[in-house]
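Undergrad: Handing you this structure, nothing more for now.
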Amino acid sequence: MAAYRAWIGYPELVTFLTEFRDELQERVDKSLPAIPEERFRYVCYSSLPFFDLGILGLLEQRYKAVNVMDMLQWWREDGDWLIDPDDPVGSLAYRVTFHTSNPIHGTMLDLAEELRQIVVQTKPDCVIFFNNVGCRHYGGALQIGKDMVKREFGIPWTTVDVDVLDKTFTTKEKIADQLEGFFETVENSKPYRERRKAI
């Protein structure tokens, strides 16, 4: 996201994304995991906990969990920024303006379908929702997404109440305690056991 925001429209962005793509392809070709001894794959169906991004490190180090998709990584519908060929500048401006919040511009059906597609394409073991107490958009979307994931995929979901910017709202230790029990649930879930058998 930072590279996209900083370099949109510049050749440096093309260079960065090309090198990033090539590095990822090389890792895939060599069957290198995202982290050593990876155990869990999760989708972060929300903003990341920006007040302490060390929480993502905690997920990797303590639980061997890898974030396979989050709200800031996915595009709405497709990656084509040229919405109107007669207005390329306006199309680019629209895409830049709404990129990081694209999922909340539309109906709940759109949002649920996006989440469904993310689960289909990334095959996570679970969903983590960092419920930013100040965000009414995603607060309202929570139950719809959770119900759909349970009904169609049966993978576990946890909601972690945070303020994504205010670190006084909760602590990393409280979040770690909640995640400890959650990953035990994931490990005992039928979809997780079936995926591990297939590896």
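Undergrad: Could you please find all residues in the stretch 38-64 being outside any loop (DSSP other than H, G, I, E, B) and without any contact (Cβ under 8 Å) to a residue 40 or more places away in the chain? Step through it out loud before you land on a result.
TA: Quick first cut of the stretch 38-64, residues outside any loop (DSSP other than H, G, I, E, B) only: 40-44, 50-52, 54-63.
Of everything in the stretch 38-64, those that are outside any loop (DSSP other than H, G, I, E, B) and without any contact (Cβ under 8 Å) to a residue 40 or more places away in the chain turn out to be Leu56, Gly57, Glu60, Gln61.
Undergrad: Please state which of the following conditions Tyr94 fails to meet, knowing it meets all the rest: (1) more than 21 Å from Val160 (Cα to Cα); (2) modelled with pLDDT of 80 or more; (3) open to solvent by 60 Å² or more (accessible area, probe 1.4 Å).
TA: In the conditions (1) more than 21 Å from Val160 (Cα to Cα); (2) modelled with pLDDT of 80 or more; (3) open to solvent by 60 Å² or more (accessible area, probe 1.4 Å), Tyr94 misses (2) alone.
Undergrad: Name the residues in the stretch 42-70 that are at pLDDT 90 or above and open to solvent by 60 Å² or more (accessible area, probe 1.4 Å), would you?
TA: Correct list: Glu60, Gln61, Arg62.
Undergrad: Within the stretch 9-61, count every residue that is closer than 27 Å to Ile144 by Cα and acidic (Asp, Glu). Even if it seems obvious, please write down each step before you answer.
TA: To start, the set of residues in the stretch 9-61 that are closer than 27 Å to Ile144 by Cα comprises 40-51, 53, 55-56, 59.
The next check asks that each one be acidic (Asp, Glu); those that pass are none.
Summing the residues that are closer than 27 Å to Ile144 by Cα and acidic (Asp, Glu) in the stretch 9-61 gives 0.
Undergrad: Pairs under 8 Å by beta carbon, first residue of a type in the set (Ser, Thr, Tyr) in the stretch 176-199, partner open to solvent by less than 40 Å² (accessible area, probe 1.4 Å) and assigned to a helix (DSSP H, G or I), six or more apart or different chains?
TA: Tyr192/Val186
Undergrad: Further question on the same structure: Got a number for residues in the stretch 10-37 being assigned to a loop (DSSP other than H, G, I, E, B) and either under 21 Å from Thr159 (Cβ atoms) or open to solvent by 50 Å² or more (accessible area, probe 1.4 Å) (or both)?
TA: Here is the first cut: in the stretch 10-37, the residues assigned to a loop (DSSP other than H, G, I, E, B) are 10, 30-37.
Adding the requirement that they be either under 21 Å from Thr159 (Cβ atoms) or open to solvent by 50 Å² or more (accessible area, probe 1.4 Å) (or both) leaves 10, 30-34, 36-37.
Counting residues in the stretch 10-37 that are assigned to a loop (DSSP other than H, G, I, E, B) and either under 21 Å from Thr159 (Cβ atoms) or open to solvent by 50 Å² or more (accessible area, probe 1.4 Å) (or both) gives 8.
Undergrad: Shifting gears a bit: Within the set of pairs 6+ apart or on separate chains, which have a first residue in the stretch 15-33 that is within 23 Å of Lys64 (Cα to Cα), a second that is assigned to a helix (DSSP H, G or I) and of a type in the set (A, V, I, L, M), and C-beta atoms under 9 Å apart?
TA: Phe20/Ala3
Undergrad: Counting only residues that are touching a residue at least 60 places away in the same chain (Cβ under 8 Å) and within 18 Å of the chain's Cα centre (by Cα), which one in the stretch 161-174 is farthest from Ile128 (Cα to Cα)?
TA: The residue in question is Leu165.
The values are calculated or read from the model by the stated rules, or taken from the named source; none is laboratory data. Treat the numbers as computed from the prediction; the structure is a model and nothing was measured. Every residue, glycine among them, receives a Cβ derived from its backbone with ideal geometry; neighbour counts consider all protein chains shown. Protein only, heavy atoms only, side chains kept; ligands, DNA and RNA dropped before computing areas. Shrake-Rupley method; radii C 1.70, N 1.55, O 1.52, S 1.80 Å.
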